[in-house]
Structure formats: structure tokens, C-alpha cells
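The values are calculated or read from the model by the stated rules, or taken from the named source; none is laboratory data. Note that the structure is predicted; figures quoted are calculated from it, not measured. Using ideal geometry, Cβ is built from the backbone for each residue, glycine included, and neighbour counts are taken over all protein chains shown.
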Amino acid sequence: MTFQLKSFIHSTRLISTVWYSLLFLILEISIGAFIYFYLYSSLSDQLNYSLTKQATAIITYFSESKPEFDTFEPDSLYSTPEELVWDIIYDAVALNPRNTYIQISYNNKLIYKSDNLKKTEINSPLPRSKDVYISEIENPVLSKQKIRTASVWFDKYKII
């Protein structure tokens, strides 16, 4: 019996099967890792593009309408500054308002934050630049994972 086991262990059939299995395992792990990192990179780039596009759209609306919140007076259309801001940014966030957090400051005074921000504020590191700045923040009140943000300064406006 030991002779058969010994000859089986040293048989070409077993050695070929083990080599084939190892080669197949290495190939599958390599392909899986490649697909994972490719998708991660691609989806991350798409998210950055989407955030940049939304921030740019909001800035465009603000630059075209140029609302002044220091001298805001209620009228027949807008009774609060929040209503005016929501009307301006609606097109930028209409497709996915649940997963979009928006916070707008005017002269370092918070004038608008989306309903899904609850009672928290987003503090994002933001260099004073007209370019859109992409960063990740941690806010355990909003999410257990990091939140990707797009932030931009425009004149007196800070949009996150």
C-alpha cells in the first residue's frame, strides 16, 4: 500500500495536476486583482468628474444670477435665502439628491445646506481658488465611510 501511495505522489499525473491548479489559481488571482484595481480607478475618476461637473454647474448658476445675500429681501418668489439657493442649484442635483450633500457659505456665513446634512456641517480643507478641489472627509454622523467632496470658492461664495 505504501508503495502505491509513494508512486502516486511521484506520478506525472499528480505533479501536472498540482502545477496546473497552482498556475490557474495564480492566473485567477491576477485577473481578479487587475479587474478590481481597474474598476476602482475608473469609478473613482467618474465620481471625481461628476462632482466637478456638479460644482461647476452650481458656480455657473451663481455667476449668472449673482444673488446678494447680505441684502436679501423676501419677495413673491422667494421667502427665504434657502429657497433662492435651492432654485439656483436644483438642476445640478436633481438626478441624485439623496447622495448629494451641499453646503454654501456667503462671506463665511452658512446660507444653505441640503436637508440630508441633518444638524451637521461639512468641514473640508479648501484652498482659496476658483478651481474645483476634490478631497475626502470623515464625518461619522453622515457616513461610516469617507465622503468624497468637491469644493470651490467663487467671489464671496464657498461651495462644498
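In summary, P127 fulfils each of the numbered conditions (1) modelled with pLDDT of 75 or more; (2) in contact with a strand residue (DSSP E or B) (Cβ under 7 Å, 6 or more places away or on another chain) with the single exception of condition (1).
Could we say that L51 is touching a residue at least 60 places away in the same chain (Cβ under 8 Å), in a helix (DSSP H, G or I) and of a type in the set (A, V, I, L, M, F, W, C) here?
Answer is yes for this residue.
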